[in-house]
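The values are calculated or read from the model by the stated rules, or taken from the named source; none is laboratory data. No experiment lies behind these values; they were computed from the predicted model shown. Virtual Cβ from ideal backbone geometry, glycine too; neighbours counted across all protein chains shown.
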Amino acid sequence: MAFGIGLGVPEDKEEAVKWFRKAAEQGQVLGQSVLGHCYYYGKGVPEDKAEGLKWWYKAAEQGDALSQFLLGKSYEHSEDTPENRAKAVDWYRKAAEQGYAQAQFRLGDCYFAGHGVPEDKAEAVKWFIKAAEQGHGWAQDSLGNCYSNAWGVPEEKTEAVKWYRRAAEQGNVVAQTRLGSCYFNGTGIPENKEEAIRWYRRAAEQGGADAQYALGICYYYYLDGVLENKTEGIKWLRKAAEQEFELAIDALREIEKKK
C-alpha cells in the first residue's frame with residue numbers, strides 16, 4: 001500500500017492499483033476491497049462503478065464488513081426500487097452483525113423509515129444503541145431523538161440529553177443544536193440559558209442553520225439573561241437566511257417592518 005499513500009516512495013496511484021490487483025486476484029480480501037474502491041471512485045484507474053462493485057462483492061462474500069457496508073450503501077443510493085432497498089438492507093445486516101458501526105446505524109435507519117424492511121422503531125433503536133455505544137455520532141443523535149419522542153422506547157428526556165451530549169461532544173451539529181434547546185427549555189436537564197447559547201454557538205459556527213436562527217433570536221430579543229446585541233442577532237439571522245431557513249427569513253422581514 002506504500003505506493004498509494006507515498007510511504008517511503010513517491011505517491012503513484014497507478015502503481016498502487018497494479019499491486020492491489022495482484023493481491024485481489026490472489027483472493028486477498030484487503031486487496032479486493034481497496035481495488036473496488038479504486039475503480040468505484042476512479043483512483044489510479046478510470047472510474048468504473050460496475051468493476052468496483054464486482055471487487056467489493058468478492059471481498060464481501062469473504063466476510064469483509066467494510067465491503068458489505070459499501071455494497072449496501074451503493075444499493076441504497078442507486079435507483080430507488082424495492083429490490084435495491086432490500087439488497088441494501090441485506091448487506092447492511094451482514095456488516096452490522098459483525099459489529100460494523102456505520103452499518104448498524106444505516107440498518108437502524110432503514111428500520112426507522114421502513115426502507116427495504118417493514119417499519120419497526122423498536123428494531124431501529126436496537127441497532128442505534130449498538131452503533132451509539134461504539135461512538136457513532138449520528139446513531140447517538142438518532143437515539144436521543146427516539147428517547148425524546150418515544151419512538152421505539154418509552155419517552156425519557158434525561159436519556160435523550162445523555163445521547164445528544166455524546167454526539168454533540170463529537171461535533172455533531174444537529175445534536176449540538178438539540179442539546180442547546182434542551183438547556184434553553186429545561187427539557188431533561190435544568191434550564192441554563194448560558195449553556196444553551198454555548199451549544200447553539202458551537203453548532204452555528206459550523207454552519208447549522210437551526211442554531212444560527214436560535215442564536216440570532218436570542219441576541220436580538222434579549223431572551224432571559226442573554227446580553228442583548230441586535231447587530232449580533234441580525235448577523236446570525238442573516239447567516240441562517242442565506243441557507244434559505246424560512247424562520248430566519250420571516251424573522252428578518254418582521255424586524256425590517258418595525259424599523
Filter pass, A167 being under 21 Å from the mean Cα position of the chain (by Cα) and surrounded by 24 or more Cβ atoms within 10 Å (Cβ to Cβ): yes
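Being among the small types (G, A, S), crowded, with 23+ Cβ neighbours inside 10 Å and in contact (Cβ under 8 Å) with a residue 24 or more places away in the chain: is that true of S148 here?
Working: among the small types (G, A, S): yes; crowded, with 23+ Cβ neighbours inside 10 Å: no; in contact (Cβ under 8 Å) with a residue 24 or more places away in the chain: yes.
No: the conditions fail for S148.
Scan G63, G99, G8 and give me the residue that is modelled with pLDDT under 95 and on the phi > 0 side of the Ramachandran plot.
Unique residue meeting the criteria: G8.
Scan the stretch 51-96 for residues that are among the basic types (K, R) and farther than 20 Å from A124 by Cα and jot them down. Spell out how you get there, then give the answer.
Of the residues in the stretch 51-96, the ones among the basic types (K, R) are 54, 58, 73, 85, 87, 93-94.
Scanning the stretch 51-96 gives K54, K58.
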Can you name the residue in the stretch 171-210 that is small (G, A, S) and under 18 Å from the mean Cα position of the chain (by Cα) and, of all such residues, is farthest from F245 (Cα to Cα)? G171
Check whether at least one residue in the stretch 55-75 is part of a helix (DSSP H, G or I), crowded, with 18+ Cβ neighbours inside 10 Å and in contact with a Gly (Cβ under 6 Å, 6 or more places away or on another chain), and report yes or no. yes
Answer yes or no as to whether Q140 is more than 19 Å from L215 (Cα to Cα), of a type outside the set (K, R) and in contact (Cβ under 8 Å) with a residue 12 or more places away in the chain. yes
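Residues that are in contact with a helix residue (DSSP H, G or I) (Cβ under 9 Å, 6 or more places away or on another chain), under 30 Å from E123 (Cβ atoms) and at pLDDT 95 or above: find the helices (runs of 4 or more DSSP H) completely inside the stretch 154-221 holding 2 or more of those. Explain how you work it out, then say what you get.
Working: elements: 157-168, 173-185, 193-205, 209-221.
Counting at least 2 such residues, we get 157-168, 173-185.
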Would you point out the residue of the stretch 185-196, among those that are closer than 21 Å to C146 by Cβ and in contact (Cβ under 8 Å) with a residue 12 or more places away in the chain, that is surrounded by the fewest Cβ atoms within 10 Å (Cβ to Cβ)? T187
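Would you mind finding the one in A122, A131 that is small (G, A, S), buried (at least 18 other Cβ atoms within 10 Å of the Cβ) and farther than 22 Å from G186 by Cβ? Walk me through it before giving the result.
Numbers: A122 fails: buried (at least 18 other Cβ atoms within 10 Å of the Cβ).
One residue alone meets the criteria, A131.
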Evaluate the following for R106: is it touching a Leu at 6+ places or on another chain (Cβ under 8 Å), part of a helix (DSSP H, G or I), modelled with pLDDT of 95 or more and over 23 Å from A24 (Cα atoms)? no
